[in-house]
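K.L.:
My questions will all concern the structure given below.
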Amino acid sequence: MAYSNTDKLVKVGNYVIPLKYIAAESYKVLYSTSDLDSYRDANGVLHRNPLAHKVGKVEFNTPRLLTNTELQDLLTNIRSNYKGGAGDISKTATVKFWNPEYDNYITQDMYVPDINFEIFGIFDGVVKFNAVRIAFIAC
C-alpha cells in the first residue's frame with residue numbers, strides 16, 4: 001500500500017493531521033529493530049537476536065509563523081485523541097504513519113514527548129510561532 005492522499009502522512013486516533021500543519025521537508029520516520037542480548041564473539045563477529053517488535057518514531061515540524069489559533073487547532077485535535085482523553089498525562093495515542101522504507105502505513109501506540117515552543121513575534125496582537133517539532137514515539 002503506497003502513500004494515500006486520504007490517510008496523508010500521520011493519523012492520530014481519528015484525526016488525520018492536515019498537510020498544512022506539516023513542513024514536508026521536515027517529515028522524518030524511523031522504524032528500528034531492537035536486539036536482545038546480542039553480542040560479539042572473540043573473533044568480533046556480531047551475533048544478533050533481533051526482536052519482532054519494531055519501534056517507530058515519526059516527527060515533523062510545523063511551518064513557521066503559525067498563529068496561536070492554528071497551533072491550538074492542531075494540538076487540541078491531537079490531545080482529544082489520546083487514549084485517556086485530552087487530559088491523559090501519558091499523552092499516548094494510536095498513531096498511523098506512512099513509512100517510506102516499506103511504502104506502507106504502520107499503526108502503533110505512541111506517546112508525544114514534550115514539545116518546545118518558541119515565539120517568532122507578536123504582530124498586531126497576534127502571536128506567531130517559529131517551527132514547532134511534533135513527535136510520536138512507539139511505546
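K.L.:
Using a Cα-Cα cut-off of under 19 Å, which aspartates and glutamates could be cross-linked to LYS28, ignoring same-chain neighbours fewer than 8 residues away?
P.N.:
The reachable aspartates and glutamates, counting only those whose Cα sits under 19 Å from LYS28, are ASP7, GLU59, GLU101, ASP103, ASP109, ASP114.
K.L.:
Enter the per residue convex hull volume of the chain, computed from alpha-carbon coordinates, in Å³ rounded to the nearest integer. Intermediate values should be presented prior to the final figure.
P.N.:
Values: hull volume 20.1 nm³, N = 139.
Each residue corresponds to 145 Å³ of Cα convex hull volume.
K.L.:
Enumerate the residues in segment 46-68 having an amide nitrogen under 17 Å from the point lying 7 Å beyond the Cα of LYS20 toward its Cβ.
P.N.:
62-68
K.L.:
Quick check for you: with a 1.4 Å probe and neighbouring chains kept, what is the accessible area per residue of the chain, in Å²? Please report the intermediate quantities before stating the final value.
P.N.:
Working: 8140 Å² over 139 residues.
Heavy-atom accessible area per residue stands at 59 Å².
K.L.:
Excluding residues on the same chain fewer than 8 positions from LYS128, give the lysines whose Cα lies under 23 Å from its Cα.
P.N.:
Answer for LYS128, where 23 Å is the Cα cut-off: LYS20, listed by chain and number.
K.L.:
Need the C-alpha centroid separation for segment 1-47 versus segment 68-93, integer Å.
P.N.:
After rounding, the separation between the Cα centres reads 21 Å.
K.L.:
Separate question: Using 0.36 nm per residue of separation minus the Cα-Cα distance, give me the extension gain between ALA86 and ASN5 in nm, one decimal.
P.N.:
Working: separation 81, 0.36 × 81 = 29.16 nm, distance 2.70 nm.
This chain segment gains 26.5 nm when fully extended.
K.L.:
On the accessible surface of the chain, probed at 1.4 Å, how many percent belong to carbon and sulfur atoms? Walk me through the numbers on the way to the answer.
P.N.:
Working: 4220 of 8140 Å².
Carbon and sulfur together cover 52 percent of it.
The values are calculated or read from the model by the stated rules, or taken from the named source; none is laboratory data. Keep in mind that this is a model prediction, so the values were computed, not measured. Here Cβ is always computed from backbone atoms with ideal geometry, including for glycine, and neighbour counts include all displayed protein chains. Just so you know, the surface numbers come from the protein's heavy atoms only, side chains and all, with ligands and any DNA or RNA stripped out. Shrake-Rupley method; radii C 1.70, N 1.55, O 1.52, S 1.80 Å.
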